[in-house]
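Worksheet: the structure to be examined is printed underneath.
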Amino acid sequence: MIPLTTYLFQKAVRNPVIDDALVLIISEITSAAKIISGKVRKAALLDILGSARKTNVQGEEVQKLDELANEIIIETLKCTGKACMLASEEVEDCLVLSDTGYSIAFDPLDGSSNIDVNVSIGTIFSIQKEDVKKPGREQIAAGYVIYGPSTMLVLAFKDSVSVFCLDPESGNFILVKDNFKMPEKGKIYSINEANYHKWTEDGLRKFVDSLKEQKYTLRYVGSMVADVHRTLFKGGIFIYPADVKNKNGKLRLLYEANPMSFIVENAGGLATTGKEPILDVVPQELHQRVPVILGSKWEVEECLKYLNG
Ligand code: AHG
Ligand code: MN
Ligand code: MN
Ligand code: MN
């Protein structure tokens, strides 16, 4: 039963990239996630469900838990004294705390449309050295916490992906899987088919139709953390494509696509915009969106054949 902090210090001995400041940042992000997990699990009792009656920079109606999770993470990271820039889905501009250190891009609460119906949601984070607006391939670490039947942490460094489960009794994230690798191929595809006729690429429709002919199952939760977590563990493919209304799709590069792509690639999968690996995209805007096609090698490569066919 290895707790997260022990795991990080043991990893730091073998990997000089993992310095004390990074251990502190990761420990504190996951501490914030424990607090958020507690709030999520009793949200109905705390009157923190529903809308905050505000619209964020994304043009979305902010939920009370979006706002609370955002505040918890920002205050926690400020206290570390090791954070340089913070980029949050819920804050229009980058928060500059110092001119050096680690920069964190984060989605404080992913899957907001599912909060009020008690479906899995989560927190996603991406850690860069200094500047937050760098290609995803330069991430030092990335991860997410999913508030599901269990509260689980999936944490990736350049060389490995590890999985932890929150033990409610000890309050520790306990290592359950190290050097996690995802299946090379699955039998599940995950996409919001309601937009089938709006997708920009006809090749995508042909690809999805081919999966149906191969008897794939469709699973779509509508929280990226839940759909990616299932794809990691069962294999298959998750897609949020461009459509005629959103030419770059819906998912944000810095705090959704990049961290999830970093995790998937380090777990042996692939992640592409359809035109280039997501991790190679050079960020222009803080909240820029990219089409996301990620998952098992076989399905992503098959999808690319149809898109470039
Ligand atoms: P967020 O709640 O952080 O704004 O993210 C919601 C995203 C992502 O979690 C999910 O994959 C996607 O929205 C679902 O979008 P649709 O409801 O349009 O399918
Ligand atoms: Mn949102
Ligand atoms: Mn999100
Ligand atoms: Mn969010």
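The values are calculated or read from the model by the stated rules, or taken from the named source; none is laboratory data. Just so it is clear, the structure is predicted and the values come from calculations on it, not from any experiment. Backbone-built Cβ (ideal geometry, glycine too); neighbour counts: all protein chains shown. Please note that ligands, DNA and RNA were not included when accessible areas were found on the heavy atoms of the full protein model with its side chains. Shrake-Rupley method; radii C 1.70, N 1.55, O 1.52, S 1.80 Å.
Within the stretch 8-25, residues that are at pLDDT 95 or above sit with their Cβ atoms under 7 Å from residues that are charged (D, E, K, R) and open to solvent by 60 Å² or more (accessible area, probe 1.4 Å), at 6+ positions apart or across chains, in these pairs: Ala21/Lys82; Leu24/Lys82; Ile25/Lys82. Tell me, please, whether a residue that is surrounded by fewer than 21 Cβ atoms within 10 Å (Cβ to Cβ) and basic (Lys, Arg) can be found in the stretch 251-272. Looking through the stretch 251-272, none of the residues is surrounded by fewer than 21 Cβ atoms within 10 Å (Cβ to Cβ) and basic (Lys, Arg).
Do we have any residue at all in the stretch 270-277 that's assigned to a loop (DSSP other than H, G, I, E, B), of a type in the set (Lys, Arg), out of contact with any His (no Cβ under 9 Å at 6 or more places or on another chain) and away from ligand 1 (no atom under 15 Å from the Cβ)? So far as the stretch 270-277 goes, yes, one or more of its residues are assigned to a loop (DSSP other than H, G, I, E, B), of a type in the set (Lys, Arg), out of contact with any His (no Cβ under 9 Å at 6 or more places or on another chain) and away from ligand 1 (no atom under 15 Å from the Cβ). If the condition is being of a type in the set (S, T, N, Q), away from ligand 1 (no atom under 15 Å from the Cβ) and surrounded by 21 or more Cβ atoms within 10 Å (Cβ to Cβ), then the stretch 88-117 contributes only Ser103.
How do the strands (runs of 3 or more DSSP E) wholly within the stretch 67-142 filter down when requiring 1 or more residues that are touching a residue at least 40 places away in the same chain (Cβ under 8 Å), within 16 Å of ligand 2 (Cβ to nearest atom) and in contact with a Ser or Thr (Cβ under 6 Å, 6 or more places away or on another chain): which remain? Output list reads 102-110, 121-129. So which residues in the stretch 285-304 are out of contact with any helix residue (DSSP H, G or I) (no Cβ under 8 Å at 6 or more places or on another chain) and either free of Cβ contacts under 8 Å to residues at least 40 places away in the same chain or on the phi > 0 side of the Ramachandran plot (or both)? Within the stretch 285-304, Glu285, Glu301, Leu304 qualify. Does the stretch 49-57 contain at least one residue that is under 20 Å from the mean Cα position of the chain (by Cα) and closer than 19 Å to Asn114 by Cβ? Yes: one or more hits. Residues in the stretch 278-299 that are out of contact with any Pro (no Cβ under 8 Å at 6 or more places or on another chain), buried (at least 21 other Cβ atoms within 10 Å of the Cβ) and either part of a helix (DSSP H, G or I) or among the small types (Gly, Ala, Ser) (or both): Ile278, Gly295, Glu299.
How many of the residues making up the stretch 118-150 are open to solvent by 10 Å² or more (accessible area, probe 1.4 Å), more than 16 Å from ligand 3 (Cβ to nearest atom), at negative phi and not small (Gly, Ala, Ser)? Selection size over the stretch 118-150: 9.
Scanning the stretch 95-118 for residues that are away from ligand 4 (no atom under 16 Å from the Cβ) and touching a strand residue (DSSP E or B) at 6+ places or on another chain (Cβ under 8 Å) gives Leu95, Val96, Leu97, Ser98, Asp99, Thr100, Gly101, Tyr102, Ser103. For the stretch 168-188, the set of residues classified as more than 24 Å from Gln139 (Cα to Cα) and either free of Cβ contacts under 8 Å to residues at least 60 places away in the same chain or not in a strand (DSSP E or B) (or both) consists of Pro168, Glu169, Ser170, Gly171, Lys185, Gly186, Lys187, Ile188, listed by residue number.
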